């Protein structure tokens, strides 16, 4: 008897560098971040009036992703062509006092990562989570 896909559960655990992979099914993800020739307009919405106020420009980025699945013996089972993800075209960001100036780039990366994870989820025939509309810097 086979278990329906809707009832399967998968837990992914990161492997530390140098840990023996033998006997494990491994999902390997790699990324390379690059700058585009484009830029984003960074604006702030005034709470009282709802008007947008220009803050500055942010350089554009994209992320090239590699993805492979290895069986327990280390043989590559799945190795699609690399894919590229971009940050969401419109990001709503909740900024906090004390966030570093570069925190917007961290949020852009989070958005590109989230977009890629949604795509990868769909590749496995699963329903990806809904698109995120809001992000916040998660620094420590």
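Before moving on, here are some points about what is shown:
- Each peptide among 31-44, 79-92, 109-122 gets the average number of other Cβ atoms lying within 10 Å of its residues, and from highest to lowest they stand as 109-122, 79-92, 31-44.
- Set of segment 90-105 residues, backbone N closer than 11 Å to the point 7 Å along the Cα-Cβ line of residue 38: 90
- Theoretical ellipticity at 222 nm over the chain - DSSP helices of four or more residues, -39500 (n - 2.57) apiece, nearest 500: -5000 deg cm²/dmol
- Residues of segment 24-59 with an amide N closer than 19 Å to a point placed 7 Å from the Cα of residue 75 along the Cα-to-Cβ direction: 24-28.
- Stokes-Einstein diffusion coefficient of segment 77-118, Kirkwood radius over Cα pairs, 4 °C, 1.567 mPa s, in µm²/s: 108 µm²/s
- Simple label model, 7 Å out from Cα along Cβ direction - residue 126 to residue 102, nm: 3.2 nm
- Linear extension gain, residue 45 paired with residue 119, 0.36 nm per residue minus alpha-carbon span: 23.6 nm
- Taking the inverse of the mean 1/r over every pair of distinct Cα atoms in the chain gives a Kirkwood hydrodynamic radius of 18.0 Å.
Read-outs throughout are calculated quantities, based only on the coordinates presented, and are distinct from any laboratory measurement. Quantities reported herein were computed from a predicted structural model and do not represent experimental measurements. Cβ coordinates were reconstructed from backbone atoms using ideal geometry, including for glycine residues, and neighbour counts include every protein chain displayed.
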